[in-house]
Amino acid sequence: MISRRTVDAQIERRILTAMIVSTEFLRSTVHATDPAFFRSSYAQKIVRWVLSYYEKYEEAPKQHIQDIYDAKQKSLREEDAELISELLSSLSESYEQDSNLSFMADEALHFFKKRQLEITINNVRVLVDEEKVDAAQKAMLDYSQVLPAEDETIQPTEESVVQEHFSKPDNQFFCFPGVLGNMIGNLEPGWLVSISAAFKRGKSFFLQEVAVLAAVKHIPVMFYSLEMTKDALLERFYKRLFPSAKDKEDFIYPVFDCEKNQYGICTRIERRCKNKLILPNGEIPDFRPEIDYRVCTYCRKKYPKDYKQAVWYRTLHRPKYEMTNVHKHLRSFNELYGNKLQMKIYPRFSKSIDDIRQHLDIMAITKNFYPKIIVIDYADILRSTDDSQGFEKEDKVWMQLSALAAERNALVFTATQVTREGQTAELLQSKHSSKWVGKNAHLDVSLSLNQTVEEKRRMCSRIGLLYHRHKEFFEDECVTILQDIELGQFYLDSEYA
């Protein structure tokens with residue numbers, strides 16, 4: 001069991017690190033920061049250095065903290081000097097990019113309030129024991145003056161508010177690649193995103209794809225599975241990183257083509273193929289490597305109005321899914337992105353959002369891990385925090401998911417099933433939401449995953465946009481994605497359907 005003192009020491013270290021490297025963090029917390037809130041003398045010294053530097057330059061000291069330490073080192077106690085040196089040597093240049101600073105600022109303010117309460121209570125107790133009642137009462141009254149009340153109101157025309165809004169860099173946080181990303185747009189921290197699909201259409205594959213894409217973008221991501229066993233989840237993850245199968249090495253791989261190319265009606269001189277693919281009966285033949293035909297997508301980018309989406313295939317040779325083949329690739333991934341992705345597996349219906357909150361707190365304390373993306377597979381098999389049932393349970397689960405995104409300032413992804421009617425729908429609509437249609441009110445973005453039997457044979461699916469709180473959308477708009485599920489590849493390419 002982790003002691004409270006140990007937890008406080010770890011929180012103090014995280015706050016110190018954020019203060020040193022992040023101006024954004026300081027702006028959010030400097031009004032409430034007091035060196036006395038920190039238990040250790042080395043931490044109190046660093047806080048004084050940072051506050052002094054910030055007061056003079058209005059930014060975090062970052063690498064200049066080493067210069068301050070070098071100038072002050074001779075006047076420090078040996079123990080403090082060693083602890084400060086160790087902390088400074090552990091600082092990372094990528095810290096500000098990798099950390100969820102908004103959530104950490106909230107954690108720091110909570111810690112400051114708690115420490116001020118502890119200090120005040122202790123002072124009052126000592127004064128009461130000494131019969132200094134008036135002084136004890138004054139200490140209690142003074143508490144409210146130490147941490148100013150948080151004023152969350154915004155005056156939109158105030159100069160500082162306008163300047164802050166327009167000075168923020170227009171950076172994308174998380175966006176899917178290709179045309180799929182164009183349709184959905186940039187997804188932001190604090191949003192709740194869900195994908196709806198019929199049974200066995202690939203919801204878990206989609207959520208896993210999110211986790212991998214986040215990791216390779218160097219975004220810390222926490223993946224919670226209530227759907228799969230450890231070995232099944234790991235196998236899918238390993239195949240996603242190293243496309244392979246256990247029983248064969250040669251595969252058919254889908255690629256985009258042009259319908260005009262397949263029908264032999266394209267008149268452009270840039271066409272790469274001189275033969276047509278279509279049979280005399282108007283049908284597309286089954287793929288065979290020996291067919292004398294080449295795909296052509298010349299117009300896809302240059303003349304999109306002339307391009308008519310179609311799908312064809314290529315052969316692909318991949319080593320088998322074996323330890324010797326997979327391990328080297330996984331080692332390289334781990335060296336580049338390993339600490340960005342963490343996974344946790346729970347039995348179905350065994351955990352609630354409160355349990356996930358508790359685990360996220362443990363990850364912060366034990367691993368200093370603050371995910372900016374949280375993936376939960378999936379919402380329908382979460383337990384309610386109060387054991388409510390039916391529509392009430394569904395509403396509370398989705399409310400709590402939305403609250404989790406806001407309070408952690410994290411982008412939260414999850415999935416949900418659809419109604420019986422939706423199981424056979426060619427293109428899902430909002431009316432196909434299962435159990436409780438009111439869940440859509442808690443979402444920022446709602447996606448659909450659609451696939452007919454024929455599309456499954458053709459190795460493709462369609463992702464639609466059911467709802468988007470922050471941009472214009474059309475419910476009948478969707479994107480075709482190519483995939484090779486046998487090789488563990490949910491997303492290979494995308495094009496408007």
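Of the residues making up region 466-486, those that are closer than 22 Å to Glu426 by Cβ and part of a strand (DSSP E or B) are Leu466, Tyr467, His468, Cys478, Val479, Thr480, Ile481, Leu482, Gln483. Within region 271-308, the residues that satisfy the criterion of being of a type outside the set (A, V, I, L, M, F, W, C), surrounded by 10 or more Cβ atoms within 10 Å (Cβ to Cβ) and closer than 16 Å to Arg458 by Cα are Pro285, Arg288. Only a single item in (1) charged (D, E, K, R); (2) surrounded by fewer than 17 Cβ atoms within 10 Å (Cβ to Cβ); (3) at pLDDT 95 or above; (4) in the same structural domain as Ser434 (by TED's automatic domain parsing) is not met by Lys200, and it is number (3).
Please verify whether Val311 is buried (at least 16 other Cβ atoms within 10 Å of the Cβ) and either under 30 Å from Ser244 (Cα atoms) or touching a residue at least 40 places away in the same chain (Cβ under 8 Å) (or both), treating the condition exactly as stated.
On the way: buried (at least 16 other Cβ atoms within 10 Å of the Cβ): yes; either under 30 Å from Ser244 (Cα atoms) or touching a residue at least 40 places away in the same chain (Cβ under 8 Å) (or both): yes.
Taking the combined requirement at face value, the residue satisfies it.
When residues of region 175-199 are filtered for being assigned to a loop (DSSP other than H, G, I, E, B) and not acidic (Asp, Glu), how many remain?
Within region 175-199, residues that are assigned to a loop (DSSP other than H, G, I, E, B) and not acidic (Asp, Glu) number 10.
Residue-level check: of (1) modelled with pLDDT of 90 or more; (2) touching a strand residue (DSSP E or B) at 6+ places or on another chain (Cβ under 9 Å), Asp476 misses just (1).
Yes/no per residue for (1) out of contact with any helix residue (DSSP H, G or I) (no Cβ under 7 Å at 6 or more places or on another chain); (2) not in a helix (DSSP H, G or I):
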| residue | (1), (2) |
| --- | --- |
| Arg201 | yes, yes |
| Ser204 | yes, no |
| Leu213 | yes, no |
| Phe223 | no, yes |
| Ala232 | yes, no |
| Glu235 | yes, no |
| Arg240 | no, no |
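Of all residues in region 163-174, those that are in a loop (DSSP other than H, G, I, E, B) have Cβ atoms under 6 Å from Cβ atoms of residues that are at pLDDT 70 or above, 6 or more apart or on another chain, in Gln172/Asn186; Phe173/Glu188.
Hey, any hits in region 82-94 for a residue that's assigned by TED's automatic domain parsing to the domain that holds Ile15, surrounded by 15 or more Cβ atoms within 10 Å (Cβ to Cβ) and modelled with pLDDT under 85? Checked region 82-94: at least one residue is assigned by TED's automatic domain parsing to the domain that holds Ile15, surrounded by 15 or more Cβ atoms within 10 Å (Cβ to Cβ) and modelled with pLDDT under 85.
Out of Lys230, Lys239, Lys217, report the one residue that is under 13 Å from the mean Cα position of the chain (by Cα), assigned by TED's automatic domain parsing to the domain that holds Phe473, in contact (Cβ under 8 Å) with a residue 12 or more places away in the chain and farther than 18 Å from Thr414 by Cα. Explain how you work it out, then say what you get.
Values: Lys230 fails: under 13 Å from the mean Cα position of the chain (by Cα); Lys239 fails: under 13 Å from the mean Cα position of the chain (by Cα).
Testing whether each residue is under 13 Å from the mean Cα position of the chain (by Cα), assigned by TED's automatic domain parsing to the domain that holds Phe473, in contact (Cβ under 8 Å) with a residue 12 or more places away in the chain and farther than 18 Å from Thr414 by Cα leaves just Lys217.
Of everything listed in (1) at pLDDT below 90; (2) surrounded by 12 or more Cβ atoms within 10 Å (Cβ to Cβ); (3) within 33 Å of the chain's Cα centre (by Cα), the single unmet condition for Lys62 is (1). Tell me yes or no: at least one residue of region 397-410 is modelled with pLDDT of 95 or more and either in contact with an Asp or Glu (Cβ under 7 Å, 6 or more places away or on another chain) or assigned to a loop (DSSP other than H, G, I, E, B) (or both). Looking for residues that are modelled with pLDDT of 95 or more and either in contact with an Asp or Glu (Cβ under 7 Å, 6 or more places away or on another chain) or assigned to a loop (DSSP other than H, G, I, E, B) (or both), one finds at least one in region 397-410, hence yes. Scanning region 12-32 for residues being surrounded by fewer than 20 Cβ atoms within 10 Å (Cβ to Cβ) and touching a residue at least 60 places away in the same chain (Cβ under 8 Å) gives a total of 6. Has region 486-494 got any residue that is acidic (Asp, Glu) and surrounded by fewer than 19 Cβ atoms within 10 Å (Cβ to Cβ)? Looking through region 486-494, at least one residue is acidic (Asp, Glu) and surrounded by fewer than 19 Cβ atoms within 10 Å (Cβ to Cβ). Among the residues of region 65-89, the ones that are part of a helix (DSSP H, G or I) and over 37 Å from the mean Cα position of the chain (by Cα) come to 10 in all.
If you go through region 33-40 one residue at a time, do you hit one that is modelled with pLDDT of 90 or more, surrounded by fewer than 18 Cβ atoms within 10 Å (Cβ to Cβ) and assigned to a helix (DSSP H, G or I)? Yes - at least one qualifying residue is present in region 33-40.
So that you can scan it fast, the table gives a plain yes or no per residue for (1) part of a helix (DSSP H, G or I); (2) under 41 Å from the mean Cα position of the chain (by Cα); (3) aliphatic (A, V, I, L, M); (4) more than 30 Å from Tyr224 (Cα to Cα):
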| residue | (1), (2), (3), (4) |
| --- | --- |
| Lys248 | no, yes, no, yes |
| Phe251 | no, yes, no, yes |
| Arg271 | no, no, no, yes |
| Ile291 | no, no, yes, yes |
| Tyr313 | no, yes, no, yes |
| Gly338 | yes, yes, no, no |
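Of all residues in region 257-269, those that are in a helix (DSSP H, G or I) have Cβ atoms under 8 Å from Cβ atoms of residues that are small (Gly, Ala, Ser), 6 or more apart or on another chain, in Glu259/Ala310; Asn261/Ala310; Gln262/Ala310.
Among the residues of region 414-433, is any at positive phi and either aliphatic (A, V, I, L, M) or in a loop (DSSP other than H, G, I, E, B) (or both)? For region 414-433, residues at positive phi and either aliphatic (A, V, I, L, M) or in a loop (DSSP other than H, G, I, E, B) (or both): absent. Return the residue satisfying two criteria in turn: it lies in region 215-262 and is touching a Lys or Arg at 6+ places or on another chain (Cβ under 6 Å) and among the aromatic types (Phe, Trp, Tyr), and of such residues it is farthest from Gly190 (Cα to Cα). Here the answer is Tyr253.
If you scan region 471-483, which residues turn out to be within 24 Å of the chain's Cα centre (by Cα) and touching a residue at least 40 places away in the same chain (Cβ under 8 Å)? Hits for region 471-483 are Lys471, Cys478, Val479, Thr480, Ile481, Leu482, Gln483.
Of Val326, Val375, all but one fail to be in contact with a Ser or Thr (Cβ under 9 Å, 6 or more places away or on another chain), of a type in the set (A, V, I, L, M, F, W, C) and part of a helix (DSSP H, G or I); the exception is Val326.
The values are calculated or read from the model by the stated rules, or taken from the named source; none is laboratory data. Bear in mind that the values here come from a model prediction, so they are computed numbers and not experimental data. FYI the Cβ positions are ideal-geometry reconstructions off the backbone, even for glycines, and counts take in every protein chain you see.
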